[in-house]
């Protein structure tokens, strides 16, 4: 069994309207599902991705309104890297982000910056045979758009402690310098470690990563659960999230991993042309709509003003 790269990365925000504005308005991703955290349905779970809501392009956020800023430390992901197709695309993003007041640091074919709440992001020019996962935006030429995840970087005190699980159980391929690749038949993505900051362990909060999910084929989820438990990791069991099925566990450095299936996908309960336009609750949560909807921050349809902007 092999993972088809990264499925999604879930983070925390304290400001859903600002979050929507940055990830759709500035980065040009599509809001593909506006729903609730199924473990705490009083708060949003927002999903941004390519035009189809594909695994591999899906950055998601739990909103805890007014949450204080967190900081990444040992046992936490600190940077999420998206792919670009060319140096010209990187030039475009350096100029676009500067115009939006976002400070950047360029290192060759990589551009590093933070989102408005301090989440570490990176754009990298990557040569790959993987299909580009692109969202449409009137201000961003398609050839310059973000093309999905390349990988994530985490802080770890002892990267070697995770190597056996990664290589013997999860099927990660060593890529040198405390870096591994999760590569399947159609897609891949990297997972890398860096030494933690002097402050040591971090503090969860706005602008931090909650977990990273790797993409599993639909018929392999039970086998993955058996393998994780055989490796001595405490796993959640298979949880039905309606749009995918999930298994959660912590890898030895402390980062929360999820194994999420490639389907059934976000269009199972929404017209693909209208993803993310209204609050969608999984069937098991629909009975709570009258209770939870008044608790959620009102959010506009980010594409409603496109005709004017174009």
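When residues in segment 234-254 are screened for being more than 28 Å from residue 34 (Cα to Cα) and in contact with a helix residue (DSSP H, G or I) (Cβ under 7 Å, 6 or more places away or on another chain), 3 of them pass. Taken together, the residues in segment 99-123 that are surrounded by 18 or more Cβ atoms within 10 Å (Cβ to Cβ) and more than 16 Å from residue 26 (Cβ to Cβ) amount to 0.
Based on this model, can you work out whether residue 186 counts as part of a loop (DSSP other than H, G, I, E, B) and without any contact (Cβ under 8 Å) to a residue 40 or more places away in the chain? Break it down into steps so the answer makes sense when it comes.
On the way: part of a loop (DSSP other than H, G, I, E, B): yes; without any contact (Cβ under 8 Å) to a residue 40 or more places away in the chain: no.
Here the answer is no, as residue 186 does not meet what is asked.
Scanning segment 120-134 for residues that are in contact (Cβ under 8 Å) with a residue 12 or more places away in the chain and more than 15 Å from the chain's Cα centre (by Cα), we see that the one that is nearest to residue 32 (Cα to Cα) is 132. Checking each residue in segment 221-246 for being more than 19 Å from residue 180 (Cβ to Cβ) and not in a loop (DSSP other than H, G, I, E, B) picks out 221, 222, 223, 225, 226, 229, 230, 239, 240, 245, 246.
Answer yes or no as to whether residue 61 is under 30 Å from residue 263 (Cβ atoms), in contact with a helix residue (DSSP H, G or I) (Cβ under 7 Å, 6 or more places away or on another chain) and without any contact (Cβ under 8 Å) to a residue 60 or more places away in the chain. So residue 61 fits the description; yes. Taking each residue of segment 238-249 that is on the phi < 0 side of the Ramachandran plot and at pLDDT below 95 and looking for partners that are surrounded by 18 or more Cβ atoms within 10 Å (Cβ to Cβ) and part of a loop (DSSP other than H, G, I, E, B) with beta-carbon atoms closer than 6 Å, six or more apart or interchain, yields nothing. Do we find that residue 156 is in contact with a strand residue (DSSP E or B) (Cβ under 9 Å, 6 or more places away or on another chain) and in contact (Cβ under 8 Å) with a residue 12 or more places away in the chain in this structure? Yes; evaluated as a whole, the condition is true for this residue. So in segment 255-310, with the set limited to residues that are more than 23 Å from residue 213 (Cβ to Cβ) and touching a helix residue (DSSP H, G or I) at 6+ places or on another chain (Cβ under 7 Å), which one is surrounded by the fewest Cβ atoms within 10 Å (Cβ to Cβ)? Result: 297. Of the residues making up segment 169-180, at least one is exposed (fewer than 14 other Cβ atoms within 10 Å of the Cβ), touching a residue at least 12 places away in the same chain (Cβ under 8 Å) and more than 30 Å from residue 305 (Cβ to Cβ). Scanning segment 181-196 turns up no residue that is surrounded by fewer than 19 Cβ atoms within 10 Å (Cβ to Cβ), touching a strand residue (DSSP E or B) at 6+ places or on another chain (Cβ under 9 Å) and at pLDDT below 95. Pairs linking a residue in segment 209-220 that is part of a helix (DSSP H, G or I) to a residue that is surrounded by 24 or more Cβ atoms within 10 Å (Cβ to Cβ), with Cβ atoms under 7 Å and 6 or more positions apart or on different chains, are 218/261.
The values are calculated or read from the model by the stated rules, or taken from the named source; none is laboratory data. Computed from a predicted model, the values in this text were never measured in an experiment. Heads up, the Cβs are rebuilt from the backbone with ideal geometry, glycines too, and the neighbour counts pull from every protein chain shown.
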